[in-house]
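A short write-up of the structure that comes next.
The values are calculated or read from the model by the stated rules, or taken from the named source; none is laboratory data. Because the structure is predicted, anything quoted here is derived from the model rather than measured. All Cβ positions, glycine included, derive from the backbone under ideal geometry; neighbour counts span all protein chains shown. Side chains included, ligands, DNA and RNA excluded: accessible areas come from the protein's heavy atoms. Shrake-Rupley method; radii C 1.70, N 1.55, O 1.52, S 1.80 Å.
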Amino acid sequence: MTTTPLDLAFAECRTYLETHGKSYAFATRSFPAPMRNATYALYAFFRVPDEIVDNPTNDPRQSLEQWKTAWREAYTTHTSSHPVLFATAAVFHQYKIPFAYAEHFLDAMMQDLTVDRYATYADLEKYMYGSAAVVGLMMSRVIGYS
């Protein structure tokens, strides 16, 4: 069996899940292989920006902007030198996940850098949509909801 660049990208994404999301890794064992790979990619896609925000090594705003730009390019071109972006772009296209979901998520990660309190519940709801609800919406596409 030949290992493709996409297979290698999914394997890299799997390491994110196994390192940081042990309960998720356990839960995905019963998924069919394509669904497992999609879960690996999405988890890694969420994890990288979350790490940029929570454990910055450089300017987190600049790092997030670079990630967002690289994501847009990966999505548009269907390729990337970054395995997480390469795998995630493939998953988005395969499962027809709306691009806007990723944008909402990345916007929420950017908010994490400057906002620690919300003036209204509506403001909080907007943040929760971007930081959590879109994660569920993306996964719902992978598990078969359309």
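Here Val115 fulfils each of the conditions (1) β-branched (Val, Ile, Thr); (2) in contact (Cβ under 8 Å) with a residue 12 or more places away in the chain; (3) not in a loop (DSSP other than H, G, I, E, B) apart from (3).
Yes/no matrix, rows are residues, columns are (1) in contact with a Lys or Arg (Cβ under 7 Å, 6 or more places away or on another chain); (2) touching a residue at least 60 places away in the same chain (Cβ under 8 Å); (3) surrounded by fewer than 13 Cβ atoms within 10 Å (Cβ to Cβ):
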{"site": "Pro5", "(1), (2), (3)": "no, yes, yes"}
{"site": "Arg14", "(1), (2), (3)": "no, no, no"}
{"site": "Thr39", "(1), (2), (3)": "no, yes, no"}
{"site": "Leu42", "(1), (2), (3)": "no, yes, no"}
{"site": "Asn58", "(1), (2), (3)": "no, no, yes"}
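Please verify whether Tyr127 is part of a loop (DSSP other than H, G, I, E, B), more than 20 Å from Thr69 (Cα to Cα), out of contact with any Asp or Glu (no Cβ under 8 Å at 6 or more places or on another chain) and hydroxyl-bearing (Ser, Thr, Tyr), treating the condition exactly as stated. Taking the combined requirement at face value, the residue does not satisfy it.
Considered as a group, the residues in region 17-37 that are open to solvent by 70 Å² or more (accessible area, probe 1.4 Å) and assigned to a helix (DSSP H, G or I) include one that is farthest from Ser140 (Cα to Cα), and that residue is Thr19. Being among the aliphatic types (A, V, I, L, M), touching a Leu at 6+ places or on another chain (Cβ under 8 Å), free of Cβ contacts under 8 Å to residues at least 60 places away in the same chain and surrounded by fewer than 19 Cβ atoms within 10 Å (Cβ to Cβ): is that true of Ala74 here? Taking the combined requirement at face value, the residue does not satisfy it. Here Ala90 meets each of (1) open to solvent by less than 40 Å² (accessible area, probe 1.4 Å); (2) closer than 24 Å to Val115 by Cβ with one exception, condition (2).
Counting the residues of region 100-146 that are open to solvent by 60 Å² or more (accessible area, probe 1.4 Å), at pLDDT 95 or above and among the aromatic types (Phe, Trp, Tyr) gives 2.
Would you check if there is a residue in region 66-89 being farther than 28 Å from Ala33 by Cβ and more than 13 Å from the chain's Cα centre (by Cα)? Yes, because at least one residue in region 66-89 is farther than 28 Å from Ala33 by Cβ and more than 13 Å from the chain's Cα centre (by Cα).
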